[in-house]
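Report on one structure; see the data block that follows.
Computed from the coordinates by the stated procedures, all read-outs in this text should not be read as laboratory data. Note that this is a predicted model, so its numbers are computed, not measured. Reconstructed Cβ throughout: ideal geometry from the backbone, glycine too, with neighbour counts over all protein chains shown.
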Amino acid sequence: MARVKLQGLSKAYDGAPAVTGLDLEVQDKEFVVLLGPSGCGKTTTLRCVAGLESADEGEIYIGDRLVNDLDPKDRNVAMVFQSYALYPHMTVYQNMAFPLENAKVAEREIIASVNRVAKLLQIETLLGRKPSQLSGGQRQRVAVGRAIVREPQVFLMDEPLSNLDAQLRVHMRAELKKLQKVLGVTTIYVTHDQVEAMTMADRVALLHKGVLQQYDAPQTLYNRPTNSFTASFVGSPPIDLVDCDLADGNVLDAGSFRIPVPDRFLEPLKRTASEKLVLGIRPQDLRVNPTPPTEADGVVVYRFPSTSVPAEIYTTEPLGDSTILDLKVGETLLKAVVGATFAGDTGSKVELHFPPDRIHLFERGSGHAIR
């Protein structure tokens, strides 16, 4: 069994915490992504698992072994770096064979292993070339191949796709995900790209300033974020977050607009001491009616009376298959995603609808989700 378990992992550099009290368990054959902005501690965590850094505190288990005091070569893990780290003077075959030669594996077994992995990765015709003669995607495959031939218990991957162009990166995401499932090797993958995390991971561990924010399936992070940081980091365009106050016990007052509190929040809000809140709604969930609310005898009539507000299109961002609208509600700016055929342009008056079942609420101070 090749699970990876971290208990209370902490690491600091010159007194500055990089990772703080991290508890994380990766199950056998699972593909887990460490996600977060630069400097959040994800690469430090990976290097501690690999043995390239020593943890200041905490325990690291690979399988049933405590590996804190083991050298990297004795941990039975293989790491794929962002730079690929191929030896430029060696051929593809020699690069892939090197870890096996280092382990004193018999030559016949080395030849068989390299050829088998090269065929799996469809690079068997490249074995005689040197890294300088390869494309970025080919070099990436060779780096993965060099890790695979060792038949490790765990793959550790540090942003292996970041040097590829956008189109190739999309292709290689699918290839790596498929390969991991075929091999069934426990994998920990580091990235700052939330699209990579959402499309590849069985579970995502989101880090911020060295602290684990949420560890869940990708769709759970998206649909049920535990705090405002998770909500804002996962999803594109980012979630709309608006400071608001709880008024009269059942109204969200954002200053520029007021909407009723969705029923499911009424009881949890009674248990919350603070009335200072943050309203969150994803741009894909905001409903935009291109017909502005009508006014008759001084009364404004909305299509969705209780959950709608008037807005003005501030600017548009056409994406081909859809359009992002920047909308102005008083002094508040919100984003909404609409279809490519949406009829509305800069300066147009529209009606915004906040579907109650798609609203998120967070405590303004702590950022914790109201549930």
So the number of lysine pairs in region 237-363 with alpha-carbon atoms under 23 angstrom apart, 8 or more residues apart or on different chains, is 4
Once the in-chain neighbours fewer than 8 apart are removed, the lysines whose Cα is under 19 Å from K11 read K42, K209
Taking the convex hull of the alpha-carbon atoms of the chain and averaging its shadow over every direction gives an area in square nanometres of 23.0
Taking R0 as 35 Å and r as the Cβ-Cβ distance between D56 and S322, the FRET efficiency 1/(1 + (r/R0)^6), rounded to the nearest 0.05, comes to 0.15
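Which FRET efficiency value, to the nearest 0.05, is calculated for V301 and T199 with the Förster distance at 41 angstrom and r the Cβ-Cβ distance? Each step should come with its number before you reach the end.
Numbers: r = 43 Å, r/R0 = 1.05.
Between V301 and T199 the formula returns 0.40.
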Taking a straight Cα-to-Cα line shorter than 17 Å from K73, and setting aside same-chain lysines fewer than 8 residues away, one finds K104
Rounded to the nearest 0.05, FRET efficiency between N223 and K73 (Cβ-Cβ, R0 56 Å) equals 0.85
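What is the magnitude of the charge dipole of the chain about its Cα centre, with +1 placed on the Cβ of each Lys and Arg, -1 on the Cβ of each Asp and Glu, and no other charges, expressed in debye to the nearest 20?
The dipole magnitude comes to about 1340 debye.
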For region 262-271, Karplus-derived ³J(HN,Hα) couplings (6.51, -1.76, 1.60; θ = phi - 60°; whole Hz; x for glycine and proline) come out as x, 3, 5, 8, 4, 5, x, 5, 5, 8
Output row, site D243, 7 Å Cα→C-beta label point, backbone N cut-off 19 Å, window region 255-271, residues 255-259
Helix 107-120: inclination vs the chain longest Cα principal axis, degrees, rounded to 10, gives 30
Taking the dipole of the chain about the Cα centre (Lys, Arg +1; Asp, Glu -1; charges at Cβ), the one of A18, A2, L126 that reaches farthest to the positive side is L126
The Cα extents of region 237-363 along the principal axes, largest first and rounded to whole Å, are 44, 39, 23
Nearest 10, in degrees from 0 to 90: the angle of helix 92-102 to the longest Cα principal axis of the chain is 70
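Given +1 on the Cβ of Lys and Arg, -1 on the Cβ of Asp and Glu, and no further charges, what dipole in debye does region 12-72 carry about its Cα centre, rounded to the nearest 20?
Working: 4 positive and 12 negative charges, 61 e Å.
Roughly 300 debye, rounded to the nearest 20.
Taking Cα pairs under 8 Å and at least six residues apart, what relative contact order does the chain come out at, in percent?
Relative CO of the chain lands at 15 percent.
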